[in-house]
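To start, the structure under review is shown below, and the notes come after it.
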Amino acid sequence: KPEQVLLGNGSNQLLQTLLTATLNDGDKVLYCPPTFSLFELYVPIYGGQLVDCPIGPGQEFPLDKILTAIDAEKPKVVLLCSPNNPTGVEISPNDIETILEAYSGLVFLDEAYGEFASWSGIDKIDKYKNLIISRTFSKAYSMAGLRFGYFIAQKKIIDQLRKVNLPYNVNLLTEAVV
């Protein structure tokens with residue numbers, strides 16, 4: 001539904017919007033390196049502390065480590081990518097649901113490479129009030145220069161993110177193309 005979508009100047013700008021809206025100094029953010037490099041760049045800028053659950057070469061998604069870290073560290077946000085760049089690890093729908101059910105905080109699922117995945121979390125938006133999905137036209141559609149990304153989440157989350165999202169962040173050329 002339109003009220004469940006937030007547009008932005010690429011998914012990078014929307015990630016900044018999310019961190020602006022959620023992080024206070026010292027808040028912990030869980031992520032699984034190696035992954036999207038802007039997580040490591042942006043989280044400290046917004047005062048957050050990174051908590052890592054690494055995915056080693058050839059390893060599966062570290063669900064047990066993540067659940068243990070969520071319980072021990074109490075992160076404000078969990079940042080995940082599926083499929084992950086650069087490892088290509090795809091998180092299973094069951095693993096995402098396990099995290100969403102075990103954790104009441106925000107779960108950000110970056111689906112920048114979603115068109116190359118076997119599934120998408122979009123069908124889980126109505127069920128889970130703490131899920132935010134990020135998509136972009138940069139990868140599968142080769143439109144990185146247009147700088148167009150979007151979030152999908154429940155209306156309550158999108159309403160809060162709109163409050164801090166930059167005004168006029170999608171240019172006229174991008175609007176015409178997409």
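The values are calculated or read from the model by the stated rules, or taken from the named source; none is laboratory data. All of these numbers come straight from a predicted model, not from anything done at the bench. Cβ placement follows ideal geometry from the backbone for every residue including glycine, while neighbour counts extend to all protein chains displayed. Calculation scope for accessible area: heavy atoms of the full protein, side chains included, ligands and nucleic acids excluded. Shrake-Rupley method; radii C 1.70, N 1.55, O 1.52, S 1.80 Å.
Selection within segment 48-75: residues that are open to solvent by 20 Å² or more (accessible area, probe 1.4 Å) and either among the aromatic types (Phe, Trp, Tyr) or touching a Cys at 6+ places or on another chain (Cβ under 8 Å) (or both). The member of this set that is farthest from residue 111 (Cα to Cα) is 65. Cβ-Cβ contacts under 6 Å between residues 6 or more apart (or on different chains), taken from a first residue in segment 45-58 that is farther than 14 Å from residue 26 by Cβ to a second residue that is at pLDDT 95 or above and open to solvent by less than 60 Å² (accessible area, probe 1.4 Å), are listed as 52/33; 53/32; 53/66; 53/69; 54/33; 55/32.
Residue count for segment 101-138 under the criterion of being hydrophobic (A, V, I, L, M, F, W, C), surrounded by 15 or more Cβ atoms within 10 Å (Cβ to Cβ) and either outside any loop (DSSP other than H, G, I, E, B) or at pLDDT 95 or above (or both): the result is 9.
The set of residues in segment 1-54 that are farther than 26 Å from residue 167 by Cα, in contact with a Leu (Cβ under 7 Å, 6 or more places away or on another chain) and part of a loop (DSSP other than H, G, I, E, B) comprises 32, 53. Out of all the residues in segment 1-35, which are open to solvent by 50 Å² or more (accessible area, probe 1.4 Å) and under 24 Å from residue 83 (Cβ atoms)? 7, 9, 16, 34, listed by residue number. Among the residues of segment 86-95, those identified as part of a helix (DSSP H, G or I) and either in contact (Cβ under 8 Å) with a residue 12 or more places away in the chain or within 17 Å of residue 116 (Cα to Cα) (or both) are 93, 95. Residues satisfying the criterion are absent from segment 76-85 (criterion: β-branched (Val, Ile, Thr), in a helix (DSSP H, G or I) and buried (at least 18 other Cβ atoms within 10 Å of the Cβ)). Take the conditions out of contact with any strand residue (DSSP E or B) (no Cβ under 9 Å at 6 or more places or on another chain), β-branched (Val, Ile, Thr) and assigned to a helix (DSSP H, G or I) and apply them to residue 98. Does it pass? Yes; evaluated as a whole, the condition is true for this residue.
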